[in-house]
1. Just to be sure, is residue 50 within 30 Å of residue 122 (Cα to Cα) and in contact (Cβ under 8 Å) with a residue 12 or more places away in the chain?
2. Any chance you could count how many residues in segment 343-390 are surrounded by fewer than 20 Cβ atoms within 10 Å (Cβ to Cβ), part of a helix (DSSP H, G or I) and free of Cβ contacts under 8 Å to residues at least 60 places away in the same chain?
3. For segment 8-24, indicate whether the set of residues that are on the phi < 0 side of the Ramachandran plot, touching a residue at least 12 places away in the same chain (Cβ under 8 Å) and outside any helix (DSSP H, G or I) is non-empty.
4. Report, by residue number, each residue of segment 100-131 that is surrounded by fewer than 24 Cβ atoms within 10 Å (Cβ to Cβ), under 18 Å from the mean Cα position of the chain (by Cα) and at pLDDT below 85.
5. Determine whether residue 283 is without any contact (Cβ under 8 Å) to a residue 40 or more places away in the chain and farther than 18 Å from residue 169 by Cβ.
6. Can you find, within segment 313-330, the residue that is nearest to residue 302 (Cα to Cα) among those that are touching a residue at least 12 places away in the same chain (Cβ under 8 Å) and assigned to a helix (DSSP H, G or I)?
7. Quick one: residue 150 ticks every box in (1) modelled with pLDDT of 90 or more; (2) surrounded by fewer than 24 Cβ atoms within 10 Å (Cβ to Cβ); (3) in a helix (DSSP H, G or I) bar one, so which box is it?
8. So which of 425, 429, 417 ends up being under 16 Å from residue 339 (Cβ atoms) and in contact (Cβ under 8 Å) with a residue 40 or more places away in the chain?
């Protein structure tokens with residue numbers, strides 16, 4: 001159903017470009033030729049950010065392929081004795097991994113969902129005792145949790161000196177976003193409640209009908225690592241540690257990428273093995289490479305035409321109206337819900353931040369509200385509707401052999417459950 005309602009993400013980026021042009025024509029004083037000029041000027045303004053987003057994804061995926069990680073996942077997969085234990089464990093592991101790196105969490109969740117399902121089929125004596133759809137949904141929960149973690153696009157972006165929106169909010173350190181008491185509290189609550197909810201669903205018999213699945217593809221045979229390669233990896237790792245200890249200036253996009261780059265190299269133990277893992281992972285960033293220039297073009301139109309001011313003014317007016325009549329400031333709730341809606345059309349945390357960031361930050365400034373809280377509200381909304389957005393589920397579907405409908409029948413329930421939790425959190429702890 002959802003696949004029929006929403007075109008592919010690249011088509012959506014083109015449609016959003018045209019929609020932004022039309023809205024800017026209606027709401028700003030600029031003509032079409034001027035708006036097209038703003039669009040063309042903006043196309044290449046976020047190339048560095050696009051590269052950073054791509055590296056976050058591929059370094060996480062490459063780390064998940066390492067032999068050490070694969071061995072640990074096989075051991076974890078053999079532990080559950082029933083569906084409840086399996087669903088809770090897969091979700092907890094996927095969410096924990098995604099908090100560290102969303103690409104890592106996506107692949108860990110997918111592999112674990114498949115391996116746990118296969119192990120349970122053997123343990124329990126048949127497919128009829130196992131819901132692969134429930135386990136697949138559990139493996140996907142990391143994508144509903146990642147943006148409050150240390151690879152979150154929005155908090156990492158605003159933590160960089162010289163970032164694109166520094167004139168709107170300054171530099172916001174990670175201590176005020178990801179490592180704030182509020183975010184850590186919500187993250188801990190979700191890390192407990194979402195796996196518990198999946199355990200409940202398994203006990204209530206919420207399951208999906210299994211379909212035949214193909215055997216997992218064999219990974220390419222690992223080539224022996226010679227002593228020279230091992231020494232080279234160790235030397236590079238020492239250089240990385242020396243730089244981190246002496247020159248790193250705190251967590252930001254580049255330092256997170258740096259950490260996962262060298263963790264992956266060390267875990268694979270060989271430059272050639274690691275290069276092969278990165279080569280296999282790079283196919284997953286085609287959407288980022290293709291779509292980010294168009295998101296940047298949208299930002300060019302919106303920022304230079306004054307459309308950002310117009311839309312943020314609407315946020316401010318609506319928030320002030322509700323606040324005057326009820327005494328409750330709904331701004332963060334509005335941001336969360338609008339970010340959730342936007343994510344259905346812009347299925348990339350980094351791309352969405354490029355579009356929604358200046359609107360939200362400008363509105364927060366006008367309302368004299370905390371910028372860090374506004375950044376995290378965007379993050380929560382973006383990750384929330386990943387549960388309904390099939391774009392990032394493609395690697396998981398490939399590994400698990402599931403169909404989108406099998407996944408969505410469970411993730412839709414998770415969407416409602418998580419939405420209630422986050423709305424209550426933003427209402428009472430704003």
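The values are calculated or read from the model by the stated rules, or taken from the named source; none is laboratory data. Everything numeric here is computed off the predicted structure, so don't read it as measured data. Ideal geometry is used to build each Cβ from the backbone, glycine not excepted, and the neighbour counts take in all protein chains shown.
1. Numbers: within 30 Å of residue 122 (Cα to Cα): no; in contact (Cβ under 8 Å) with a residue 12 or more places away in the chain: yes.
No, not satisfied.
2. 2
3. Taking segment 8-24 first, the residues on the phi < 0 side of the Ramachandran plot are 8-24.
In the following step, the residues that additionally are touching a residue at least 12 places away in the same chain (Cβ under 8 Å) were identified as 9-10, 12-14, 16-17, 20-21, 23-24.
From the residues that got through so far, the ones that are outside any helix (DSSP H, G or I) too are none.
The answer is no, given that none of the residues of segment 8-24 is on the phi < 0 side of the Ramachandran plot, touching a residue at least 12 places away in the same chain (Cβ under 8 Å) and outside any helix (DSSP H, G or I).
4. none
5. So residue 283 passes the test.
6. Only one residue tops the list, namely 313.
7. (3)
8. The conditions single out 425.
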